[in-house]
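The next block holds one structure in the form of structure tokens; read it before the comments.
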């Protein structure tokens, strides 16, 4: 098949737990897609809020199931069941543009293309923290090359026959999408499609953001090969400078602790602190020059790096305990 001339069948799958604030917006946007040859599957993980009740109101317009466990387990469950040519994935805290699926499908112009994903924007009705998180993430997407080794499952489409072969690792609660992307690209190319747009509601509180980043650090230790390749940290979403920030932060913690007993070491701590701030600023000024935003990002990046460090520590403890 040199080029897709018709609209192939697509299953759209959403996994959800405790997303009562966004799930209706998500499903409404999927129902309004300019793509007739689609089915919408939703797996609901026994929410403790009103998510399931909201989903039941959609009736036969969606195929609703309840699956205990994490997102990769739910995705694998659906992979086994479906017979569509493609499966498109998004998250319960996302809203898709009307031409989202159509633009993704257009990119499958060769049998060698096994997956495609698009651009993740931030909705306008968000608080300042969500705006900041979104601005930094969008900057990373703007620099994405055409062919990548992974993209987030909130905006991804895969040939179903490949998804049935390459299952997600359900032992990973967070880094499963990076691991899955690396496995998918052993079978062909993954294409980045900038005009396939979704809008993602990021964490709305600092506590929620900290917990999210803590989990990234925790599960990073279980699959370090996902992020560290050829001795370099980062992939097409996680930038190498983020790895440098993590290393500098841990050295800062180490020498700051030692300086409590050997005051002469404090100068090294001070130097490391200055270098870390410079690394943060190098990252920040790449996408904003607003003084208030720069100051906010310095705090946000410090929280993020601290959360990664704590997460790595918890991950190492889990490995020691055989978890």
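The values are calculated or read from the model by the stated rules, or taken from the named source; none is laboratory data. No experiment lies behind these values; they were computed from the predicted model shown. All Cβ positions, glycine included, derive from the backbone under ideal geometry; neighbour counts span all protein chains shown.
Across the stretch 200-233, the qualifying residues are those that are part of a strand (DSSP E or B) and at pLDDT below 95, and the one among them that is farthest from residue 157 (Cα to Cα) is 232. Taken together, the residues in the stretch 276-296 that are in a helix (DSSP H, G or I) and either in contact (Cβ under 8 Å) with a residue 60 or more places away in the chain or in contact with a helix residue (DSSP H, G or I) (Cβ under 8 Å, 6 or more places away or on another chain) (or both) amount to 11.
Yes/no per residue for (1) at pLDDT 95 or above; (2) within 22 Å of residue 10 (Cα to Cα); (3) crowded, with 21+ Cβ neighbours inside 10 Å; (4) in the same structural domain as residue 221 (by TED's automatic domain parsing):
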{"site": "168", "(1), (2), (3), (4)": "yes, yes, yes, no"}
{"site": "178", "(1), (2), (3), (4)": "no, no, yes, no"}
{"site": "187", "(1), (2), (3), (4)": "yes, yes, no, no"}
{"site": "194", "(1), (2), (3), (4)": "yes, yes, no, no"}
{"site": "198", "(1), (2), (3), (4)": "yes, yes, yes, no"}
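Residue-level check: of (1) out of contact with any strand residue (DSSP E or B) (no Cβ under 9 Å at 6 or more places or on another chain); (2) part of a helix (DSSP H, G or I), residue 98 misses just (2). Among residues that are over 21 Å from the mean Cα position of the chain (by Cα), at pLDDT 95 or above and either outside any strand (DSSP E or B) or buried (at least 18 other Cβ atoms within 10 Å of the Cβ) (or both), residue 46 is included. Within the stretch 181-196, is there a residue that is part of a helix (DSSP H, G or I) and touching a helix residue (DSSP H, G or I) at 6+ places or on another chain (Cβ under 8 Å)? Within the stretch 181-196, one or more residues are part of a helix (DSSP H, G or I) and touching a helix residue (DSSP H, G or I) at 6+ places or on another chain (Cβ under 8 Å). Looking only at the stretch 242-257, residues that are in contact with a strand residue (DSSP E or B) (Cβ under 9 Å, 6 or more places away or on another chain) and either more than 17 Å from residue 299 (Cβ to Cβ) or touching a residue at least 60 places away in the same chain (Cβ under 8 Å) (or both) come to 4 in all.
The residues on offer are 90, 51, 83, and the sole one that is surrounded by fewer than 18 Cβ atoms within 10 Å (Cβ to Cβ) and in contact with a helix residue (DSSP H, G or I) (Cβ under 9 Å, 6 or more places away or on another chain) is 83.
Take the conditions assigned by TED's automatic domain parsing to the domain that holds residue 222 and assigned to a loop (DSSP other than H, G, I, E, B) and apply them to residue 257. Does it pass? When the stated conditions are applied, residue 257 does not pass them. Can you find a residue in the stretch 67-75 that is assigned to a loop (DSSP other than H, G, I, E, B), crowded, with 18+ Cβ neighbours inside 10 Å and free of Cβ contacts under 8 Å to residues at least 60 places away in the same chain? The answer is yes; a qualifying residue exists.
Residue 136 fulfils the conditions (1) under 24 Å from residue 167 (Cα atoms); (2) assigned to a helix (DSSP H, G or I) except for a single criterion, (1).
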